[in-house]
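The values are calculated or read from the model by the stated rules, or taken from the named source; none is laboratory data. Source: prediction; values computed, not measured. For neighbour counting, all protein chains shown are included, and Cβ atoms are generated from backbone atoms with ideal geometry for every residue, glycine included.
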């Protein structure tokens, strides 16, 4: 690294802000560019227990997040189950989260510029970078891209992300309060509908693979569900709600196999690198962790190690998620869809509920998921059988009605 030029970070979201804070805290000269700096992003905003453990300053944010302990899963047929989360999900407004991380970066010594970078190119000597904004021109020794999946600079370093590797989201920020996180799986859509309660409003949205259905169709599906069920149940209206739409990476297995994240004096982190779970769409943990790994490689004087570090820790999980995503959303097991069986087993089995809770917490990964399923299978089958046998003695009520986890759940046949 050439000490006479700063490290430039393009993008002020969680990945860019955390990378900048780490580098500046170790004495590096860092300049971060973002046109809006702290801004509201159209997503759920949930941080898992795994993320909060690794970044405890986020757990200490207090009133900036809403700790949610109850989650309702809804199958494509409408079967419901409420799941108590042993480790709460901290749901942030992205405006609040970005502001918190950017302030932390500023205190660490990062120079923040509320400017839009319009051009990145090598300088005449080929050793440094030139970054151009409408206001100024800057030079840097290293460029870190943290500006999302479809940032205009990605094609300068790599090929653009294919539409087949993207997910479309649409949703509303609805004024009001709730303590229940809800996830509704849908027939024919590789994605889901969500309701994430934030501190002072609710983020309700829907996601689907690009090309599978249009943003307009997703919006109509979401609005129909909200109007028919959720708004009435919570006494809220869409009046005053703000619509949003966004694009997320959702890489296919073959794309992960050829993924490049860095080169000579440049790197991509977070969504820019495509580091999002193709099953859940969760990207905050991977944004923060990729930023930490990239910054660590730079500080060690071996920036090329960033690729290997991702390959060792992050990419195996995401690659596996990409391989099983199609089966998760469209596969069959025991004569029914995977999604229907998942909700049914969550209702019937305490062992399976613990597994689901750990998946939401991020402490149960995909790589050892099969081994755990095999371990708990006898208990899951026994608990499911016990629930089925109790039906004749339930006097017409669901056998699950006595279970506080699945209160008011219709019988799972």
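So here's what we get for this one:
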item: Test: residue in segment 6-17 that is farther than 17 Å from residue 143 by Cα, assigned by TED's automatic domain parsing to the domain that holds residue 299, in contact (Cβ under 8 Å) with a residue 12 or more places away in the chain and in a helix (DSSP H, G or I); result: no
item: Filtered residues of segment 70-88 (kept if touching a residue at least 60 places away in the same chain (Cβ under 8 Å), over 17 Å from residue 230 (Cβ atoms) and either touching a strand residue (DSSP E or B) at 6+ places or on another chain (Cβ under 8 Å) or surrounded by 22 or more Cβ atoms within 10 Å (Cβ to Cβ) (or both)); result: 83, 84, 85
item: Matching residues, segment 125-162, being part of a strand (DSSP E or B) and more than 25 Å from residue 245 (Cβ to Cβ); result: 129, 130, 131, 132, 137, 138, 139, 140, 142, 143, 144
item: Residues that are in a strand (DSSP E or B) and over 19 Å from residue 354 (Cβ atoms), drawn from segment 47-79; result: 47, 65, 66, 67, 74
item: In segment 304-322, the residues that are more than 20 Å from residue 271 (Cβ to Cβ) and either touching a strand residue (DSSP E or B) at 6+ places or on another chain (Cβ under 8 Å) or in contact (Cβ under 8 Å) with a residue 12 or more places away in the chain (or both); result: 304
item: Out of 337, 344, 325, sole residue that is out of contact with any strand residue (DSSP E or B) (no Cβ under 7 Å at 6 or more places or on another chain) and farther than 28 Å from residue 202 by Cα; result: 337
item: Selection status of residue 169, assigned to a helix (DSSP H, G or I) and under 30 Å from residue 120 (Cβ atoms); result: no
item: Only one of 37, 23, 101 that is in contact with a helix residue (DSSP H, G or I) (Cβ under 7 Å, 6 or more places away or on another chain) and surrounded by fewer than 23 Cβ atoms within 10 Å (Cβ to Cβ); result: 37
